[in-house]
1. Quick check: is even one residue across the range 176-188 free of Cβ contacts under 8 Å to residues at least 12 places away in the same chain and exposed (fewer than 14 other Cβ atoms within 10 Å of the Cβ)?
2. Could you tell me how many of the residues in the range 272-308 are more than 13 Å from the chain's Cα centre (by Cα) and within 12 Å of ILE99 (Cβ to Cβ)?
3. So, in the range 302-317, exactly how many residues are in a strand (DSSP E or B) and in contact with a Ser or Thr (Cβ under 8 Å, 6 or more places away or on another chain)?
4. Would you check if VAL230 is in contact with a helix residue (DSSP H, G or I) (Cβ under 9 Å, 6 or more places away or on another chain), crowded, with 20+ Cβ neighbours inside 10 Å and under 21 Å from PRO180 (Cα atoms)?
5. Among the residues of the range 93-144 satisfying the criterion of being within 15 Å of SER164 (Cα to Cα) and among the acidic types (Asp, Glu), which is surrounded by the most Cβ atoms within 10 Å (Cβ to Cβ)?
6. Hey, does the range 283-301 have a residue that's closer than 17 Å to VAL119 by Cα and in a strand (DSSP E or B)?
7. Considering only residues that are charged (D, E, K, R) and under 21 Å from ALA288 (Cβ atoms), which ones fall in the range 232-256?
8. Anything in the range 111-131 that is closer than 18 Å to MET285 by Cα and part of a loop (DSSP other than H, G, I, E, B)? List them, or say none.
Amino acid sequence: MARKPDADKDRLDDAARAGWLYYIAGNTQDEIAKKLGVSRQTAQRLVSQAVTERLIKVRFDHPLGRCLELADKLKLRYSLQSCEVVPADPTSISNTLGIVEVAAAEMERYLVSQHPVIVALGTGRTLRAVSEQISPMECPQHKIVSLVGNIGPDGSATVFDVASRVGDRVGAPHYPMPFPVVAATVHEKNLLITQKSLRNVMDLAAQADVSFVGIGTVDDDAALLRDGFVRPEELRAMVKAGAVGEITGWSFDSDGKLIDGLVNDRILSAPLESLASRKVIGVAMAPARFRAIRGALNGKLINGLITNELMAEQLLT
């Protein structure tokens, strides 16, 4: 076998020294540059080269490593654009621990952009918790849009109007949907969707650069039932039709297909299919929402996910 030229051997020796100093001895790149008598840029290049030439094998010995591995597997399994998995605390009874902070950080990555972006938001307890984690800032160039109505069954403003909360927090114009989540009748829905104000919000939602949505259950503890948007007999009919979850009121089955008829005929939220070609991030981790999350993933109703490691493991088995 032909020997490498001396220059090539010296280059690998320098990379090996730099790699040892950085990964084993714990030197900074500035310290490595000084010890090797090179510029900081050269030291950085040598450290990188030590890895690419497989002179250094890095072992990630930290609990977060498992989360990163699970996130990569979920992205591959469900063809996700993005996935964040947070560590789970087995002693906690919280349904949002860790994921609301990560979701807030992800939302802020869009909000700090100097270029105008449209952020669309669902509703619910999880997203409300996310809104409380958003750092105050001034973003008049952006638009915050609601994907779902902000009027409760009794005509009162819902406490889960997340878009208005985020808009106020970041100083951005926000576009609420001043309608109920579910119309009383199909005829009422047909009248309401002709309103110009609703059409404007729907058009903005369809143009959103990113949407953040919660993923709810369709069972005895469903938010739609608990908050009075559907009656018990309507919920039972949805379950009988195969519904396992809902996003912004739209119910779907285990394959992620929207349920035909029933309550879906009266939903006034932005159509899920209009969001499919853009970034839609689901934020959920509660064990009871497993079937709903899996259905949303199976049906490509979301293409991004923020969850915890216990849910991630369930979704992969």
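1. Among the residues of the range 176-188, at least one is free of Cβ contacts under 8 Å to residues at least 12 places away in the same chain and exposed (fewer than 14 other Cβ atoms within 10 Å of the Cβ), which makes the answer yes.
2. So in the range 272-308, the residues more than 13 Å from the chain's Cα centre (by Cα) come out as 272-277, 286-292, 294-295, 298-300.
This time we only want the ones that are within 12 Å of ILE99 (Cβ to Cβ), so: 286, 289.
So the answer is 2.
3. From the range 302-317, those in a strand (DSSP E or B) are 304-308; that's our starting set.
Still in the list and also in contact with a Ser or Thr (Cβ under 8 Å, 6 or more places away or on another chain): 304-305.
The total comes to 2.
4. Values: in contact with a helix residue (DSSP H, G or I) (Cβ under 9 Å, 6 or more places away or on another chain): yes; crowded, with 20+ Cβ neighbours inside 10 Å: yes; under 21 Å from PRO180 (Cα atoms): yes.
Judged against the criteria, VAL230 is a match.
5. GLU132
6. The answer is yes; a qualifying residue exists.
7. Filtering the range 232-256 for residues charged (D, E, K, R) gives 233-234, 236, 240, 246, 253, 255.
Listed by number, the residues that qualify are GLU234, ARG236, LYS240, GLU246, ASP253, ASP255.
8. Passing the criteria: GLY122, THR123, GLY124.
The values are calculated or read from the model by the stated rules, or taken from the named source; none is laboratory data. From a predicted model like this one, the values you see are computed outputs, not experimental measurements. Cβ coordinates were reconstructed from backbone atoms using ideal geometry, including for glycine residues, and neighbour counts include every protein chain displayed.
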